[in-house]
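The values are calculated or read from the model by the stated rules, or taken from the named source; none is laboratory data. In this text the structure is predicted, and so the values were computed from the model without any measurement. We place every Cβ from the backbone using ideal geometry, glycine too, and count neighbours over all the protein chains shown. Calculation scope for accessible area: heavy atoms of the full protein, side chains included, ligands and nucleic acids excluded. Shrake-Rupley method; radii C 1.70, N 1.55, O 1.52, S 1.80 Å.
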Amino acid sequence: MDTFAAPAGGDPAGIQVIHPAARLRGEIGVPGDKSISHRALMLALLASGESRIHGAGDGDDVRTTAGIVQALGATVERVADDRRTVQYRIVSPGVDGIRGPVGVLDCGNSGTSLRLFAGILAGVPVTAVLDGDPSLRRRPVARIIEPLRVMGATLRAHDGDSLPPVTVTGRRPLRPIDWTTAVPSAQVKSAILLAGLRAGGTTRVRERVATRDHSERMLRARGVTVRSLPDGDGGVVIEIDGGAVVQAMEERVPGDPSAAAFWLVAAAIHPDAELVIRNVGVNPTRRAVIDLLARMGARIEERPLTGGGSRRPDDGIGEPVADLVVRTSDLQAVDIAPAEVAAAIDEIPILCLAATQARGRTTVRGAGELRHKESDRLAGIAAGLSALGARIAVDRENLTIDGPVRLTGAPVDSLDDHRLAMTFAIAGLIATGRTTVGRPESASISYPGFYTDLERIRP
Ligand code: S3P
């Protein structure tokens, strides 16, 4: 299998040294959205014919998905788009062209690849093994195995069906289900919806807290009827009719708001900063980090892209996009409730850094899911920020952070987790002295070129 392997980023010696920056200025074009890039590649595999994806992220996780799409029978061509993104041209025989033997599919560090491909393969009569790196092998999979089994697929996993590798034997047609997710998870929802395409009837997923809705938007853009109905209680019911045909298309991926979040916080907490972040996705189910920072007092200006010139908002998939301008801000503490944690799940580490510079006590409640990400992020963020002098405490699934605190440069470990590596590197921009980030190359999972951008904005 061609894995589209990326060269490792960061410092070859395994640490990245960050010195404080006197000023932050400049424009940044963040990588294409990781969640959307994964889905664009997967849906291109399901569609028969040629799909083109512009502006895709080029992080290791997206390359992993591209490699699996190729292993499952599509022709995948990857060409540079611009400095930060790539274009894919995919020619696929369609979902019915997926043939065995498939063997082991290496999902690397990517939970999205593993869980969404499990949903796809549940409805295809082949046997495949979804495996990954040591971090992925610690991530829970019972949450996808249970619904996909009820739908009629056969799945087995390690350690009492709780951890990867996952062996999937698909079948068709699957049974439609009505499933309420136990934890808010776009990956679980998406796995069920993708399996629902192959079911004989209507599949329903009920979410108590709505999660990112890229799968729904992108399936609709490819001709599939997906209904999303508020449940009247803050949640949502999503319905998909089995048997729909996913059509090939051309689409454009917006910049990743989860990557933009690092620059939003960098400028907001730095005493002399103004940054412009171009072409950022501001989908209502992804923009919680922007709204939480604004609630803390961050000076963020949002300039919606309305068309004209070469920067087209017509991405083909109905994802709203804006340029963001962010300046030095005076931050106040905030209470982040469990539903907001779910909406900003990938941005909690960098929001914790913002909280160290905010006046008062910030609380993050109901953040237990962070223990099941690429690392135990609750432990990792607390260890790293305390090493820099932050006042941060973890109590079961809650965090409290007291600010503002002057951070002092120190060695910190990313735990090989991209979001922790980037959070600690941004902390180094305002900490006194020298911050060293251990295992910094993990940033390339979602943001190749992150450290180059970090240097570029310090004139
Ligand atoms: C993602 C969903 C989130 C998020 C991950 C990407 C997706 O995970 O943390 O980085 O693309 O669906 P969960 O849905 O498991 O919370």
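Some observations on this one:
- Segment 424-439-segment 33-97 distance, computed between alpha-carbon centres (Å): 35
- Mean projection of the Cα convex hull over all viewing directions, computed for segment 34-245: 10.6 nm².
- Surface exposure of segment 34-245, expressed per residue as accessible area with a 1.4 Å probe, stands at 34 Å².
- Whether segment 346-443 is rounded, prolate or oblate, judged on the alpha carbon gyration tensor where a/c under 1.5 counts as rounded: oblate
- Accessible-area composition of the chain, carbon plus sulfur, in percent [1.4 Å probe]: 50
- For the chain, the share of DSSP beta bridges that are antiparallel, to the nearest 5, is 70%.
- Note on ASP241 and ARG138: their simple-model spin labels are 4.5 nm apart, each label 7 Å out from Cα toward Cβ.
- Approximate shape of segment 198-248 as ellipsoid semi-axes (Cα gyration tensor, √5λ), whole Å, largest first: 21, 13, 7
- Protection proxy ranking for 157-168, 221-232, using the average of other Cβ atoms within 10 Å per residue and placing the highest first: 157-168, 221-232.
- Taken along the Cα-to-beta-carbon direction at a fixed 7 Å, the label points for SER386 and HIS19 span 3.1 nm.
- Inverse mean reciprocal Cα-Cα distance (Kirkwood Rh) of segment 63-152, Å: 14.2
- The packing ranking of peptides 201-209, 43-51, highest mean first, is 43-51, 201-209, where packing means the average number of other beta carbon atoms within 10 angstrom of each residue.
- Segment 218-305: radius of gyration over Cα atoms, expressed as a fraction of 2.2 N^0.38 Å: 1.46
- Accessible surface comparison of TYR451, TYR88, probe 1.4 Å, protein chains only, largest first: the order is TYR451, TYR88.
- Pairwise Cα separations in the chain fall into 20 Å bins from 0 onward with the following percentages, short to long: 26, 59, 15, 0.
- Residue ranges 114-123, 142-151 sort as 114-123, 142-151 when ordered by packing (mean number of other C-beta atoms within 10 Å per residue, highest first).
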